[in-house]
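Worksheet: the structure to be examined is printed underneath.
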Amino acid sequence: MKSFIAQLPKAELHLHIEGTFEPSLMFEIANRNNISIPFNSVEEIEKAYKFDCLQDFLDIYYQGAGVLIHEQDFYDLTYSYLEKCAAQNVRHTEIMFDPQTHTERGVSFDTVINGIVRACEDAKEKLGVSSLLIMSYLRHLSEEAAFETLKHSLPHKEKITAIGLDSSEKGNPPSKFKNVFEASVKEGYIPLAHAGEEGDADYVWEAIDILGIKRIDHGNNSLQDDKLVEEIVKRDLALTVCPLSNTALQVVKDLKEHPLKIMMDKGLNVTINSDDPAYFGGQVNKNYEEIHEALDLTKEDLYKLAKNSFKYSLLDEETKQKYIDELESFYKENK
Ligand code: ADE
Ligand code: ZN
């Protein structure tokens, strides 16, 4: 099954570029920028990646991102992730970036986006991996700060497809960002958000009703409320599920208890993603492999998950169909 998963054409729809920062690249960039990090070796960094909850992880994640200063740093980070996509048959990816993680430290919005976009363009040409960008607002900051980010983004509007909402969920409900989401949608951005990762089902209700999101990042706690599940199915909103993230952040105790199969059985459309692969022990294919093993998924389940990854992407219908055709012909020959 490992080789079936490896060859399966797929898209990744839930990925934070700052969460792809591998310890070896972190050392390399920290050295060239003369920034000291509180670790002496890759092994020491990896040992520090033990988390009790989302906030535990976020503290380390923001610290790691602190070594990214120049456009080339953002380029190297992004290109390195896109090379991994190519190696895993990820044909298309929708990359989240957190501008405020960098602008708060004095790095300009332009530096961040120019490095990321240049890497995406090169990867499209050299590796054949397509990508779209999702600009994510940090929910632990104010709505006013998100408005500031929206303003910075406008000269780059054509390069950004969607907006997201991430960071510390509990205590920062979607409704806090109602106005900035409305303004972002007016600018042409598609609204997405993390909801129901640590927050309860009422946060998912707010995200779909108040922010009008078109896809739910995580969404695990939607299962607390049958009416919500019904509504998500009715509105045909996909959930971007991240199995290894869920166990790393103790959202789910053990992969064997992961609700992915229950979600599928309830008619929810789900996809498999890596979230922050450098921190959670595996790229997207490892997420497919481990969840397959834990839940005894069939080849058909894996095919459905990969199909959803294209179907619920933000690509135009024609491009989606091209990728789905490729997936279907692979599946016909390998099922
Ligand atoms: N930022 C990066 N990864 C995240 C996650 N899993 N949840 C919320 N914010 C994040
Ligand atoms: Zn995430």
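The values are calculated or read from the model by the stated rules, or taken from the named source; none is laboratory data. The shown structure was predicted, so the numbers you read here are calculated from the model rather than taken from an experiment. We place every Cβ from the backbone using ideal geometry, glycine too, and count neighbours over all the protein chains shown.
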Lone qualifier among Leu239, Leu268, Leu165, Leu228 - being among the aliphatic types (A, V, I, L, M), crowded, with 16+ Cβ neighbours inside 10 Å, away from ligand 1 (no atom under 16 Å from the Cβ) and not in a loop (DSSP other than H, G, I, E, B)
Leu228
Hits in region 50-76 (condition: farther than 21 Å from Thr103 by Cβ and either more than 22 Å from the chain's Cα centre (by Cα) or away from ligand 2 (no atom under 16 Å from the Cβ) (or both)):
Lys50, Asp52
Of everything in region 126-145 that's assigned to a helix (DSSP H, G or I) and free of Cβ contacts under 8 Å to residues at least 40 places away in the same chain, which residue is farthest from Ile216 (Cα to Cα)?
Lys126
Which helices (runs of 4 or more DSSP H) sit wholly inside region 1-110 and have at least 1 residues that are within 16 Å of ligand 1 (Cβ to nearest atom) and over 29 Å from Asn334 (Cα atoms)?
23-32, 54-65, 71-87, 99-103
Note on region 168-217: residues small (Gly, Ala, Ser) and within 16 Å of ligand 1 (Cβ to nearest atom) are Ser168, Gly171, Ala193, Ala195, Gly196, Gly199, Ala207
Specify the residue that is nearest to ligand 2 (Cβ to nearest atom); the eligible residues are those in region 187-206 that are touching a residue at least 40 places away in the same chain (Cβ under 8 Å) and not in a strand (DSSP E or B).
Glu197
Suppose we keep only residues that are touching a residue at least 24 places away in the same chain (Cβ under 8 Å) and polar (S, T, N, Q) within region 1-37. Which one would you say is surrounded by the most Cβ atoms within 10 Å (Cβ to Cβ)?
Thr20
Across region 19-39, which residue is modelled with the lowest pLDDT among those that are among the polar types (S, T, N, Q) and within 15 Å of Lys84 (Cβ to Cβ)?
Ser24
